[in-house]
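Quick notes on the structure that follows.
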Amino acid sequence: MTRDNFEIRDQDALGRIGELEVPRAGVTVETPALLPVINPHVRTVEPSRLESEFGAEILITNSYIFYGSDDYRDEALDRGLHDVLDFDGAIMTDSGSFQLAEYGEIDVTTPEILQFQHDVGSDIGTPVDIPTPPDVPREQAEEELATTQERLEVAEGVDVGDMLVNAPVQGSTYTDLREEAGRHAEATDLDVFPVGAVVPLMNDYRYAEMVDVVAAAKRGLGADAPVHLFGAGHPMMFALAVAMGCDLFDSAAYALYARDDRYLTVRGTEQMDDLDYFPCSCPVCAEHTPAELRRLDDREREELLAEHNLHVTFREMRTVKQALRSGNLLELVETRARAHPAMLDGYRALTAHADQLEREDSVSKGAFFYLSGESARRPEVVRHRERLDRLNPEGRVLLTEGGPSDRYDESWRVVAPFGPFPRHLSETYPLTAEVPERMDPEGYRSAAKGVARLAESNPETEFTLAHHDWPESALALVPEDVDVVDLSADPE
Ligand code: GUN
Ligand code: ZN
């Protein structure tokens with residue numbers, strides 16, 4: 001199904017730059033987009049400043065907070081959210097599902113809260129989905145998902161004019177439920193698809209499971225659906241989540257962390273008390289030292305910390321978008337994965353979905369940088385290796401890390417991590433890759449698997465592999481009927 005409110009402009013891995021048309025706001029939001037969360041009780045940074053100083057095109061607030069308070073409700077109904085919040089861009093509203101998850105019940109139904117969201121002028125509303133946490137018994141996940149799905153169907157029947165409506169995808173940590181939830185949500189006529197209840201996974205650094213949950217939801221939703229990662233506001237995981245195909249992110253973290261004196265970076269979170277230097281040049285960090293910030297009163301410090309947190313959050317989103325545009329998003333993910341072992345697990349989980357990545361990843365990009373053993377699992381490498389069974393060299397064939405030799409019928413190059421390829425492909429992506437001179441064993445093993453695939457699909461051909469000092473673990477993967485010559489031991 002092609003969606004008329006979401007267009008994909010550019011793609012790298014499963015990540016994309018897209019345009020989400022939000023008709024009620026009269027704007028088109030470029031994705032990946034970050035939605036700062038506005039708590040109407042707190043308003044740590046004023047929404048008008050989010051637009052002018054940080055470039056926010058869209059924000060999210062909780063309609064249930066307005067609905068549940070007489071004062072807020074009447075003001076919002078009289079003046080509309082855009083006026084109350086003083087924000088011209090698009091406004092998404094949540095439904096109270098978070099309160100439902102925290103306190104067990106809320107006193108509003110999906111038709112009531114959607115109608116209310118419509119009446120206060122929300123541009124994208126949300127039904128009352130049930131955010132089933134990780135690790136619950138399967139029966140609970142199934143029952144709650146069934147309830148969420150009924151409510152999405154109810155939401156389809158509510159007349160909300162040109163307000164877009166979220167169709168949250170639940171299913172706890174059961175990937176088959178997430179996939180089926182994705183399929184069901186996509187088949188509704190709702191518009192935006194948040195993957196829900198992942199906050200507990202992220203708070204516990206369970207990034208690999210987050211990746212598996214998102215990958216499953218995406219399999220059900222298909223590639224065209226705009227996907228929101230509900231509650232994901234820490235900049236350290238943006239590159240990973242965008243590479244998984246998430247398009248919208250909301251950040252309450254900037255304000256919540258500031259209240260606890262926590263300072264966000266793309267490598268993790270720092271306590272203000274532990275900082276002697278600010279590793280950042282945003283206006284806050286350029287004008288203050290950590291010691292100066294600590295001397296301020298609580299309210300002022302919280303505001304400035306929230307501003308820094310927002311700056312680093314928006315900056316990382318721009319960094320991710322530019323990497324995507326340049327075709328090196330996976331290099332950025334791999335770099336960010338170095339910040340924490342759990343992020344490395346997240347990246348490894350991403351490359352474990354090689355099939356899914358391979359289907360979507362564009363065939364040609366800028367330059368492939370081999371940065372670590374994980375690079376050997378990238379979709380470009382997998383794709384090259386898998387296609388080796390389509391090639392049919394004949395006679396006596398040399399596969400070599402050295403120069404060509406006319407003692408053979410054909411003389412192909414071998415480059416780790418890709419494996420063998422005909423010389424005339426040397427200038428095509430990804431074989432133009434920059435690889436380190438000191439390749440790691442994973443890279444050689446990947447190349448050896450390529451040799452094996454080529455040899456096994458051409459049993460009549462006589463192969464000789466000429467390598468430079470490959471490790472035993474790689475040579476063990478080369479089939480026995482391939483002659484092996486070590487160029488370092490035996491220079492020609
Ligand atoms: N905010 C964070 N997670 C969720 C979720 O699963 N559902 C809703 N409606 N809001 C959220
Ligand atoms: Zn800063």
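Side notes on the structure shown:
One line per residue, one yes/no per condition, for (1) farther than 24 Å from D486 by Cα; (2) β-branched (V, I, T):
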| site | (1), (2) |
| --- | --- |
| P393 | no, no |
| E401 | no, no |
| V415 | no, yes |
| Y429 | yes, no |
| E434 | no, no |
| R438 | no, no |
| Y444 | no, no |
| P459 | no, no |
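- Per the listing S281, S251, the residue uniquely of a type in the set (S, T, Y) and closer than 30 Å to E21 by Cβ is S251.
- Candidates are the residues of the stretch 66-99 that are among the hydrophobic types (A, V, I, L, M, F, W, C) and open to solvent by 30 Å² or more (accessible area, probe 1.4 Å); the one that is farthest from P23 (Cα to Cα) is F98.
- Where strands (runs of 3 or more DSSP E) sit wholly within the stretch 376-492, those with at least 1 residues that are closer than 22 Å to R359 by Cα and small (G, A, S) occupy 419-421.
- Test: residue in the stretch 282-292 that is open to solvent by 10 Å² or more (accessible area, probe 1.4 Å) and more than 16 Å from ligand 2 (Cβ to nearest atom): no
So that you can scan it fast, the table gives a plain yes or no per residue for (1) open to solvent by 70 Å² or more (accessible area, probe 1.4 Å); (2) under 41 Å from the mean Cα position of the chain (by Cα):
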| position | (1), (2) |
| --- | --- |
| F368 | no, yes |
| L371 | yes, yes |
| R377 | yes, yes |
| G395 | no, no |
| S405 | no, no |
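- Any hit, the stretch 215-224, residues being out of contact with any Gly (no Cβ under 9 Å at 6 or more places or on another chain) and open to solvent by 10 Å² or more (accessible area, probe 1.4 Å): yes
- Residue check, F238 out of contact with any Asp or Glu (no Cβ under 6 Å at 6 or more places or on another chain) and either at pLDDT below 95 or of a type in the set (F, W, Y) (or both): no
- Criterion (surrounded by 22 or more Cβ atoms within 10 Å (Cβ to Cβ) and in contact with a Leu (Cβ under 8 Å, 6 or more places away or on another chain)) met by exactly one of G443, G450: G450
- Residue match in the stretch 44-51 (condition: more than 26 Å from M244 (Cα to Cα), free of Cβ contacts under 8 Å to residues at least 12 places away in the same chain, under 28 Å from the mean Cα position of the chain (by Cα) and within 16 Å of ligand 2 (Cβ to nearest atom)): yes
- Filtered by the rule that a residue be touching a Pro at 6+ places or on another chain (Cβ under 7 Å), in contact (Cβ under 8 Å) with a residue 24 or more places away in the chain and acidic (D, E), the stretch 377-413 gives a lone residue, E380.
- All conditions but one from (1) within 16 Å of ligand 1 (Cβ to nearest atom); (2) part of a strand (DSSP E or B) apply to Y254; the one that does not is (2).
- In the stretch 19-61, the residues that are of a type in the set (S, T, N, Q), touching a strand residue (DSSP E or B) at 6+ places or on another chain (Cβ under 6 Å) and either crowded, with 22+ Cβ neighbours inside 10 Å or part of a helix (DSSP H, G or I) (or both): T31, T61
- Test: residue in the stretch 263-272 that is open to solvent by 40 Å² or more (accessible area, probe 1.4 Å), closer than 28 Å to E57 by Cα and more than 13 Å from ligand 2 (Cβ to nearest atom): yes
- Condition met for R259 (open to solvent by 10 Å² or more (accessible area, probe 1.4 Å), away from ligand 1 (no atom under 16 Å from the Cβ), modelled with pLDDT of 95 or more and over 18 Å from the mean Cα position of the chain (by Cα)): yes
- Answer residue from the stretch 296-326, given it is surrounded by fewer than 20 Cβ atoms within 10 Å (Cβ to Cβ) and within 24 Å of Y370 (Cβ to Cβ) and is nearest to ligand 2 (Cβ to nearest atom) among those: T319
- Pairs, first on the phi > 0 side of the Ramachandran plot and away from ligand 2 (no atom under 16 Å from the Cβ) in the stretch 121-143, second open to solvent by 10 Å² or more (accessible area, probe 1.4 Å) and assigned to a helix (DSSP H, G or I), C-beta under 7 Å, six or more apart: G121/H82
The values are calculated or read from the model by the stated rules, or taken from the named source; none is laboratory data. Keep in mind that this is a model prediction, so the values were computed, not measured. No Cβ is skipped: glycine too gets one built from the backbone with ideal geometry, and neighbour counts run over all protein chains shown. Ligands, DNA and RNA are excluded from the accessible area calculation, which covers all protein heavy atoms including side chains. Shrake-Rupley method; radii C 1.70, N 1.55, O 1.52, S 1.80 Å.
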